Amino acid sequence: MKPSIQNIPPSLLLGTAMWGWTTTKETVFQLLDEWYSQGFRQVDTATNYPIDKNPEHFRLAENILLEWIKANGITDLRLMMKIGSVNNLFTPEHILTKSFVLMMLDEYQNMFGSNLETMMVHWDNRDVKAEIKETFEALETIENRGLKVGLSGIKHPEIYAELNEGFNLGFSIQVKHNLLQSAYPHYAPFHRQRRFIAYGINAGGIKLDAAKYAENSSLRARGGDVENEPPIVAKIRGEIKNFNEKKDRPAISAFHQIGMINAFYHADIQGILLGASKLGQLRESIGFYRVLQEVDYSDVSAKLAAK
């Protein structure tokens, strides 16, 4: 069974949400060096990364990325930039007026040049159609400049879908999608179109072996309780033996592999966003992604979908 429409596997994107928070600049440079050397180019970031509630870190992730780009003379990244949030305090405050979006377009084109590929609306809770239409006008300008557009954290996707009947913009849509929760159903007006990018595939850093949580793990940093794992983790741990009965494929040994399988076989998912914070994690994820392109795990995907 092939994983996706037209037999094209989802692409991989490198996430930056923890850069400057649990992931130091030195480690970020190592991650980017590895990512680039292995032939990958898509990187996702946002104005408000890291969302660690430290105002001094507002826009820190993008500036670490820019420093690496300049240090290495990089011109061929495919950068996805999310805009709208005005702080990194984890509040809903945002600005998405036409003038602001276009101002940010100019700023990020000047900063990142040919590395900028996509501008994405981030965290829009508005329900006023006229205001959202103004944002659409700015997004249309972005597409007319040859860039792509996208959505992330949209409270009322039905309004966006209705407006898009007149604009026909080619949105990519980022959704949290893992075995604990998925925002995919929330975007029903955009279903049956291969435009979704799955993030949070390992549910914030869940591990099958609780002893492997480091003190600075992503799950701990986000306030997760490593002592009380979600019930589904125990169920998956119990299924691992069955999953691994097929000896003609690499054994599954980590929760991030389960998360990747869950996203890889979804017909509407065009991309999988990795949140690796260590070089070893990134190499493992890339390695398993390449395994998925060659080896059939559709039985695992079907079993996961039934949970």
Checklist entry - Tell me, which residue of region 24-58 that is part of a loop (DSSP other than H, G, I, E, B) and without any contact (Cβ under 8 Å) to a residue 24 or more places away in the chain is farthest from D124 (Cα to Cα)? => result G39
Next on the checklist: Which condition from (1) in contact with a Lys or Arg (Cβ under 8 Å, 6 or more places away or on another chain); (2) crowded, with 16+ Cβ neighbours inside 10 Å; (3) of a type outside the set (V, I, T) is the one that G170 breaks?
Outcome noted: (2)
Next on the checklist: Taking the condition of being under 21 Å from S172 (Cβ atoms) and charged (D, E, K, R), how many residues in region 108-133 meet it?
Outcome noted: 4
Checklist entry - When you go through Y213, Y199, Y187 one by one, which is the residue that is at pLDDT 75 or above, of a type in the set (F, W, Y) and more than 15 Å from I261 (Cα to Cα)? => result Y187
Item to check | Residue count, region 288-307 (criterion: aliphatic (A, V, I, L, M) and within 14 Å of E245 (Cα to Cα)) | outcome: 1
Next on the checklist: So K207 passes all but one of these: (1) more than 12 Å from the chain's Cα centre (by Cα); (2) in a strand (DSSP E or B); (3) of a type in the set (D, E, K, R). Which condition number does it fail?
Outcome noted: (2)
Item to check | Those residues of region 144-167 which are charged (D, E, K, R) and either surrounded by fewer than 17 Cβ atoms within 10 Å (Cβ to Cβ) or more than 23 Å from Q109 (Cα to Cα) (or both), in sequence order | outcome: R145, K155, E158, E162, E165
Checklist outcome for this item: Per the list (1) over 20 Å from the mean Cα position of the chain (by Cα); (2) crowded, with 17+ Cβ neighbours inside 10 Å; (3) under 20 Å from T24 (Cα atoms), residue check on L105 breaks on (3)
Next on the checklist: Can you tell me how many residues within region 68-86 are surrounded by 14 or more Cβ atoms within 10 Å (Cβ to Cβ), under 22 Å from S11 (Cβ atoms) and without any contact (Cβ under 8 Å) to a residue 40 or more places away in the chain?
Outcome noted: 3
Next on the checklist: For region 1-54, which positions are among the β-branched types (V, I, T), out of contact with any Phe, Trp or Tyr (no Cβ under 6 Å at 6 or more places or on another chain) and modelled with pLDDT of 95 or more?
Outcome noted: T23, T24, T27, V43, T45, T47
Checklist entry - Going by the conditions given, is N125 closer than 13 Å to L96 by Cβ and either loosely packed, with under 15 Cβ neighbours inside 10 Å or over 22 Å from the mean Cα position of the chain (by Cα) (or both)? => result yes
Next on the checklist: I'm trying to understand the selection: among the residues of region 128-140, which are over 24 Å from the mean Cα position of the chain (by Cα) and either under 21 Å from S114 (Cβ atoms) or not acidic (D, E) (or both)?
Outcome noted: V128, K129, A130, K133
Next on the checklist: Let me confirm something: among S253, S277, which residue is buried (at least 19 other Cβ atoms within 10 Å of the Cβ), within 23 Å of the chain's Cα centre (by Cα), at pLDDT below 95 and in a loop (DSSP other than H, G, I, E, B)?
Outcome noted: S277
Next on the checklist: Where the second residue is of a type outside the set (G, A, S) and not in a helix (DSSP H, G or I) and the first is within 12 Å of I142 (Cα to Cα) and lies in region 94-107, which pairs have Cβ atoms under 7 Å and are six or more apart or on separate chains?
Outcome noted: V101/I83; M104/I83; L105/M119
Item to check | Sole residue being among the hydrophobic types (A, V, I, L, M, F, W, C), under 21 Å from the mean Cα position of the chain (by Cα), buried (at least 19 other Cβ atoms within 10 Å of the Cβ) and more than 21 Å from I132 (Cα to Cα), chosen from L89, L65 | outcome: L65
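The values are calculated or read from the model by the stated rules, or taken from the named source; none is laboratory data. Since the structure is predicted, the reported quantities are computational estimates derived from the model, not experimental observations. So basically every Cβ, Gly included, is an ideal-geometry build from the backbone, and we count neighbours across all protein chains shown.
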